[in-house]
Every structure is written in structure tokens, then in C-alpha cells.
Amino acid sequence: MKLIPPIYLYENDNNNHYILREDLIPFSFGGNKVRKNINFFKEILFRGCNHVVTYGSKSSNHARVVANFSVKNSIKCTIITPENDEKATFNSQINHVLGANIIYTPLNKVKETIENTLNDLENNGERPYFIEGGGHGLIGTKAYVDAFKYIKDFSKTKNIRFDYIFLASGTGATQAGLVIGGFLNNYSSKIIGISVARDSQRGAQVIKESIEEYFTEEKIPIKNLEINFFDEYLSGGYSKYNQEISMYINKYFNLYGIPLDTTYTGKAVYGMHEYLKNKNIKNKNILFIHTGGTPLYFDYLKEITNV
Ligand SMILES: *Cc1c(COP(=O)(O)O)cnc(C)c1O
């Protein structure tokens with residue numbers, strides 16, 4: 001699978017805006033979940049597991065990608081999902097098409113349901129493998145440590161250095177990988193995660209733990225790397241959005257033909273522009289990492305057109 005998505009200049013206003021189109025990775029609508037799960041499925045096949053279990057909401061990009069890789073590799077797939085999540089979304093419909101086994105659970109019983117599911121599978125003689133929600137964990141982090149080399153190579157070839165790198169941050173594994181990648185490649189750039197759910201303190205703490213986990217595993221002395229994780233642009237919480245986010249989603253599609261979504265990339269683009277405006281940042285090279293989630297763009301269209 002060719003994993004090198006394009007980076008290109010899409011706007012040149014007060015700053016030079018570049019975008020890394022992770023959404024164009026050529027499998028299952030791309031995105032950071034494809035990059036992470038390529039690593040997870042290597043591990044699953046290596047271990048000879050035959051049933052993957054993961055957790056995700058109905059709109060989860062991670063769950064869709066896991067379901068898709070499972071079919072591709074002839075591995076059974078069970079997705080544990082919160083039961084109060086009524087609305088069908090494009091991702092939940094795709095999971096259905098892919099034949100994933102869906103188990104609904106009350107939110108306060110997620111842990112228990114995961115444990116019971118894994119035990120039942122083992123008792124039935126299967127070899128289950130559990131992937132944390134969102135593809136969180138060292139294997140997911142590593143995918144973005146490795147991906148940093150595209151940024152480095154692009155910088156070298158085009159002779160530009162990105163002063164800022166922005167992205168939508170959820171569990172923070174993607175951000176942790178990029179921060180480590182920047183450090184290992186000796187690339188000084190301010191990496192800014194726009195939170196899509198967590199408060200700054202918890203978000204930054206989890207990223208710090210992911211970074212330490214990586215250094216421990218690689219037997220590199222732990223470094224205190226800069227973590228920028230901002231919760232100012234949440235606009236009410238996970239999957240909530242405001243008029244400005246809608247404005248950016250429409251603008252990006254109209255002007256650049258780039259789909260953004262209300263939960264991740266649209267929120268991060270909004271946060272990025274607010275940050276640059278409020279800090280009066282000009283004449284810098286800015287890279288936005290488009291982390292994918294294209295099916296959510298269509299959910300948004302359905303929502304705003306009421307059909
Ligand atoms: C999951 C996801 C994220 C967040 O990634 P983390 O590594 O969990 O921070 C960002 N954007 C999109 C489109 C996603 O699906």
C-alpha cells in the first residue's frame with residue numbers, strides 16, 4: 001500500500017498554508033486510523049490471532065477501518081459500541097456492509113463488556129486481539145513517529161521548514177507520534193493539537209504518557225518534550241460544533257475541494273485559524289495534518305440539509 005499522501009500549498013494569505021492529506025491514503029477513505037491500523041494488523045497477523053475486538057462509537061473512523069482491514073485479512077471483527085448512540089451514520093452503515101459483529105453496551109459497562117467478550121471468544125477456542133478505542137497505544141503512536149519522515153523529506157526537497165504543525169487531537173496518539181518524530185528527526189516545529197474532546201490537562205498528560213511509553217520501549221532516556229494541547233476550541237464538547245466551524249467546512253470544500261468534518265478536522269481548522277489570528281502570527285509556514293474522517297463530512301451534509 002502506497003502510504004505517501006501529498007503535501008501541498010493551498011493558501012497563501014498572511015501565512016503559507018500547507019496541508020498533509022492523510023485522508024488520501026488509498027484504503028477505506030484513508031486517515032490516521034488507516035496508518036495506525038496497518039501497524040495493528042501486522043501485529044495481529046504476526047501473532048496468528050483470528051478475531052479482532054475494538055471499541056468505537058457509531059461515527060468512529062477507527063471502527064470502520066478495523067472492520068475493513070478485518071475483511072481484507074479474513075479475520076473476524078467485533079465492535080463494541082455505546083447503546084445510547086441511536087443515530088445511524090455513514091460509518092455505522094459501512095460497518096454493517098462490512099459484516100462486523102456489533103455489540104451494544106451501556107456506557108458504564110464498557111470495560112466489563114470488553115472483558116466478557118474477550119473471555120467468551122477465548123473459551124470458544126478463538127484467538128482474539130483487542131485494539132483500544134481510536135487505535136490508542138504504542139503501536140498507533142509508532143505509526144506517526146514513522147510518518148514524520150514524509151514531513152522531513154518534503155521539507156528537504158522543497159527547502160522549507162514548517163514553523164507550525166496543527167492537527168485534531170483526540171486520544172493524542174497521533175500527536176505523540178509527531179512530537180517524537182520531530183525530536184528524533186531534529187526538526188524544530190511547534191506542534192499544536194486542537195482538542196476534539198478532552199480538557200487541556202488530561203489531554204497533555206495522556207500525550208506525555210504515550211511519549212514516555214515510546215522512549216521506555218525504545219530504551220531511549222526520557223526527554224521532556226514540548227506538548228501543546230488546547231481545549232479552547234471545543235465549542236461545547238465532542239462532536240459539537242458552532243457556526244464558525246460550519247463556515248470553515250463550507251469554505252474548504254468550496255475553495256479547495258477538501259472535505260472537513262464537525263468532530264475532528266473542521267474543529268481543528270477552526271482552532272488553527274483562531275490561534276493564528278489571536279497570536280497575530282504572520283509570514284510563517286503552516287502545515288495542517290488532515291487526519292481523515294471523510295464519511296463524517298457526509299453525516300454533516302445530512303445534518304445541515306435535514307434529509
Ligand atoms: C481519530 C481521529 C483523530 C484523533 O486521533 P488521535 O490519535 O486519537 O488523537 C483526528 N482526526 C480524525 C479524522 C480521526 O478519525
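Would you list which lysines come within 22 Å of Lys223, measuring only between C-alpha atoms, while excluding same-chain residues fewer than 8 positions from it? Excluding near neighbours in sequence, the set is Lys142, Lys149, Lys152, Lys190, Lys208. Annotation: lysines with alpha-carbon distance below 26 angstrom to Lys87 (same-chain offsets under eight excluded): Lys33, Lys58, Lys76, Lys109, Lys111, Lys240, Lys267, Lys302. Entry note, the chain: the mean residue ellipticity at 222 nm calculated from DSSP H runs of n ≥ 4, each adding -39500 (n - 2.57), is -14000 deg cm²/dmol after division by the residues and rounding to the nearest 500. Between the alpha-carbon centers of region 228-282 and region 173-217, tell me the distance in whole angstrom. Rounded to whole Å, the Cα centres lie 20 Å apart. Rounded to the nearest Hz, the phi-derived 3J(HN,Hα) couplings of region 281-297 under the Karplus curve 6.51 cos²θ - 1.76 cosθ + 1.60 (θ = phi - 60°) are 8, 9, 6, 10, 8, 10, 10, 9, 8, 7, 7, x, x, 3, x, 5, 4, where x marks glycine and proline.
Region 14-63 and region 83-106 have Cα centres separated by 18 Å.
Our summary of shape: the Cα atoms of the chain have principal axis extents of 61, 53, 36 Å, ordered from largest down, in whole angstrom.
3J(HN,Hα) couplings calculated from phi for region 3-15 with the Karplus curve 6.51 cos²θ - 1.76 cosθ + 1.60 (θ = phi - 60°) are, in sequence order, 10, 9, x, x, 10, 8, 7, 10, 8, 10, 9, 6, 10 Hz; Gly and Pro show x. Normalised per residue, the accessible area of the chain is 46 Å², obtained with a 1.4 Å probe and no contribution from ligands, DNA or RNA. Only protein atoms count toward the accessible area here, which uses a 1.4 Å probe; on the chain, the carbon and sulfur part of that area reaches 49 percent. Once backbone amide H atoms are built at 1.01 Å from N, Phe166 has Ile192, Leu287, Phe288, Ile289 as its partners under 5 Å, excluding neighbours fewer than 5 places away on the same chain.
Across the alpha-carbon set of region 130-208, the Rg to Rh ratio works out to 0.99, Rh being the Kirkwood radius.
The values are calculated or read from the model by the stated rules, or taken from the named source; none is laboratory data. Since this is a predicted model, take the numbers as computed values, not measurements. In case anyone asks, the SASA skips ligands and DNA or RNA and just uses the protein heavy atoms, side chains included. Shrake-Rupley method; radii C 1.70, N 1.55, O 1.52, S 1.80 Å.
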